[in-house]
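What follows is a set of notes on a single structure, which appears directly below.
Rule-based calculations on the coordinates, nothing more; no lab input. All values derive from a computational prediction rather than experimental measurement. Cβ placement follows ideal geometry from the backbone for every residue including glycine, while neighbour counts extend to all protein chains displayed.
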Amino acid sequence: METINEVTTLERGEIAVITLNSPPVNALSAKVRNGLAAGFKAADEDPQTKAIVLICEGRTFIAGADITEFGKPATESASLFDVQKAMEDNSKPVIAAIHGTALGGGLEVALCAHYRVAVPSAKVGLPEVNLGLLPGAGGTQRLPRIVGAAKALEMVTSGQHVPAKAALAMGLVDELAPEGDLRNAAIAFAKKVLAEKRPLVKIRDNDAKMIEDRKHPEIFAEFRKANARKFRGFLAPEYNIQCVEAAVNLPFDEGIKVERKLFVELVTGTQSAAQRYVFFAERQVWKLPDVPEDTAILPVAKVGVIGAGTMGGGISMNFLNAGIPVTIVETSAAALERGLGVIRKNYETTAKRGRLTMEDVEKRMGLLTGSLEMTDLGDADLIIEAVFENMDIKKEVFGKLDAIAKPGAILASNTSYLNVDEIAGATGRPESVIGLHFFSPANVMRLLEVVRGDATSKSVIATSMQIAKKIGKIAALVGVCHGFVGNRMLSMRQRQAQAILLEGAMPWDIDRVLYDFGFPMGPFAMSDLAGLDIGWNKETSKGETLRDQLCELDRRGQKTGAGFYDYDEARNAKPSPVTADLIEKFRAAKGVNVRSFTDEEIIERCIYPMINEGAKILQEGKASRASDIDIVWINGYGWPVYRGGPMFYGDTVGLKKVVESLTRLAKEMGDEWAPCELLVKTAEAGGKLSEL
Ligand code: 3H9
C-alpha cells in the first residue's frame, strides 16, 4: 500500500486500487482532489496496472464538492476537472466502486469512470439544486447522455437520491455488488472488463440520447410550466434546466461552457450562499451548547396526548408514523370519536393517493388507543398536552398529570405562547416539564420548537430533541418568552402590516409584496385562510377594529366566501371593494394622513422589525444562535429558503441599513421599534447576525 497523500492510498497491481479516506463524507476538498489526480496519474503510468478501481473508506463514497470551500479564494491544488480528466482520459479502464452516497461532485467523478459498480444500499444523485447550485463538473452534460433529458430534468431539479437498483435500471450503474463485499466485486468487475476487452466508455461521447431528445424540444417548456409553482423564486432550477437544454442542443464542450458560466453565476450569488448556510444551519441546530452529547436519553416507548382536536390528532400521527403507540385522551366521547375519525380519514386519504397501503393505515390505527380517562396515561413515557390555549386550563391539566404520570415521564405542553415555567409550576416536578410546540398541521409541518423552562432537565431536553428527530421533525431549542421564537417575531410582522394598512397600503398590496418576497401567502390572505373570527366574539364586538367590522359583516374569511378578499367558488381571491371601502372609512375616522407605499417600504416595515426581534431574542439568550432562528422561520412559517431566514437576510441587506430604517421607524412609531443593542453593536462592528 502506497500513500499518495494524507487522504489517498494506492495499491498497485494488475488491478490498482485507489482508496480515499477523508471523513466525514469524502467531500472533494483540495487534498482529496490532489490525492485523486496524483493517484490516477500514478496508476496510469504504472506498466503492471491494467485497470483501476476507485473506492472510499468510511460511511460513503464521495458526497460532493466540499461545500465549505465555496466562496473562499481558489488554492493551488488540482481542480475537479484535473481529477476527471485523469480518470476519463486514463489509458486503463477506471471503475468507481460506490457505497453510501455518490452525490453531486461525487457522482460527477463517478461519471468520469468508464464503469460503475454499487452495493444495493448505495444512492446516487445530483442534489446541487438544494444548495442553490447546479452540478458544475459536467453532471448536467453527462447525466442526460445516460438517462435522457426528461429523467435528467427531474433529477437535477429535485436533487433526488436514486437507489442503486433504480440507478442500474437507468444505466447510471453497470452492476450491483453484494452488500459488504464491494471491493472484491469491483476488482472482479475490472477483471471482467479486461477479459472481455470492453471499451473505455466515455459518457461524454455518447450522443445517441441527445439526438433523440432534439426531436422533442417542447419538453423543456412543458417541464417549466408543470413546475412553475414549485420553482417560484428559485434561480437554480431554471439554470439547471438551461444546462440540460444545452446538453441536448450543443456539442459536449459547448454544453460544458454553458454549465460553467451558469454555475459560476449561482455559486457567487446570494441564493446559493443562503441555501448553503441553511444546509449547515440544519445540522447545527441539533448541537446544544450546554447539553453534552453524552447526556442520558430517557426511553420513550409510549406516548400520551391530551386533546383529540386538530392539534392533538396531528401530533399523535407523528408518533404512530414512527411506530410508537399513542393513547389519546378527550373529555367527551363525541370529541374523542370525532378526533379518532379525523386521524383515520387523514390516513385513508393518504392511502388513496398511493402513499400508504391500507395495511399501513391499519397498523398505525392499531397503535392508537382512545380514552376518556387521564389516568390511562400512567404508563406513558411522554405526555403532550394539546388543550385550549388558556393558562388556567393548562395548569389544571398539569396539576392532574403530576398525580397520574409515572416518575421520570416527560410532561410536555404544546402551547404556542404561554409561559412554560408557569405551567411547570403547577407540578411538583418542573424538571420534567418542557414545551413541544408543533405547527399546524402537526403531522405535516417539519418544525418543532422545543421550549426549555428554567428547571427543565438536560435529559428531558436531549430526549425531546432526539424524539423530534425520530418523528422526522427539525427541532430548534428555544427559551421561554411570549410566543417563543416564531410567533414572537411573527407578531412584529403582523403589527406592522396592520399599521401600513392604516397608513395607506391595501391588504392586497402588502400581500403581493410578501408573496413576491417568497412567502407562500401574505398576512391578510393568511388571516382569511385561518378565519378572521378566531378570538372574535359576536356579542362583545364593538366594531373597533377592521377585523371586528369585517366579522360583523359576516366576512369571516375563506370559509364564508369573504374576508379581506372576496372569494369565488374555487376559493380564488379577488381584492374586495367592500373591504377597500371599509378601510377608507376606517382611516378617515382615525384622521389618518393617507400616503402611498413602495414595495421596498413594505418589505422594510414588515421584515426589519422581525430582524430586530430576532436580535432581541439572541440578546436575551432565548435562542442559541441566529441560524436556529432562521431554521424556525424556514420550517415553520414558509420563509423562502433562498433568502436564508430573517437573520441571514438582515446580513444580506446590510445591518447598517436595517438599523437606520428601524431608527426612523422608532421616531414615527415609538421606542419599542428601535434597533436593539445587539443589532446596533453588530452593525457598528461590521459583523453579521448569521455568525452569532
Ligand atoms: C457539489 O458537489 C458541486 C459540484 O457540482 C461541483 C462543482 C464544481 N461538504 O449530513 P450529515 C458534513 S455541491 C462539506 O450530518 P448524514 C456535514 O456538514 C455538493 N461538508 O451526515 C456534517 O458535518 P458535522 C453536493 C459536508 O450521514 C457531516 O459532513 N453534495 C458535505 O446524515 C456529516 O453530514 C451534497 O449536496 C459537503 N459536501 O448524511 C451532499 N456533506 O458533522 C451534501 C456533508 O460537522 N451532503 N458534510 O455537522 C449530504 O446530503 C449528507 O451529508 C449525506 C450524509 C447524505 C452525504
For 223, 40, order by how many other beta-carbon atoms lie within 10 Å, fewest first: 223, 40
Cα centroids of the stretch 150-167 and the stretch 487-533: how far apart, whole angstrom? 38 Å
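Give me the dipole magnitude in Debye, nearest 20, for the stretch 543-636 about the Cα centre, with unit charges on the beta carbon: positive for Lys and Arg, negative for Asp and Glu. Mind dumping the intermediate values first?
Working: 14 positive and 17 negative charges, 37 e Å.
Computed about the Cα centre, the dipole is about 180 debye.
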Alpha-carbon centroids, the stretch 123-142 and the stretch 26-43: separation in whole Å: 20 Å
Nearest 500 deg cm²/dmol is fine: what mean residue ellipticity at 222 nm does the chain get from its DSSP H runs of n ≥ 4 alone, each adding -39,500 (n - 2.57), divided by its residue count? -14500 deg cm²/dmol
Go through 302/395; 92/197; 123/165; 165/363; 31/257 and tell me which ones have a Cα-Cα distance over 19 Å in this structure. 302/395; 165/363; 31/257
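For the stretch 520-598, run through the trypsin sites (Lys or Arg not before Pro) and keep only the ones in DSSP coil with at most 14 other Cβ atoms within 10 Å of their Cβ.
Numbers: sites: 538, 542, 547, 555, 556, 559, 571, 585, 587, 590, 595; in loops: 538, 542, 555, 556, 571, 595.
Sites meeting the loop and neighbour criteria: 538, 542, 571, 595.
Within the chain, what is the longest stretch that has no GluC sites (Glu not before Pro) placed in a DSSP loop and near at most 15 other beta-carbon atoms within 10 Å? Could you put the intermediate results ahead of the total?
Numbers: sites that count: 6, 14, 57, 76, 179, 196, 293, 373, 389, 539, 544, 569, 620.
Longest stretch, sites excluded: 390-538.
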Which distance in Å, rounded to a whole number, links the C-alpha centroids of the stretch 191-215 and the stretch 625-671? 51 Å
Give the order of 143, 250 when sorted by the count of other beta carbons within 10 angstrom, beginning with the fewest. 250, 143
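Please order 99, 482, 216 by the number of other Cβ within 10 Å, starting at the fewest.
Numbers: 99 25, 482 10, 216 13.
By the 10 Å Cβ count, ascending, the order reads 482, 216, 99.
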Of 418, 84, 583, farthest towards positive along the dipole that unit charges on Lys, Arg, Asp, Glu beta carbons give the chain: 84
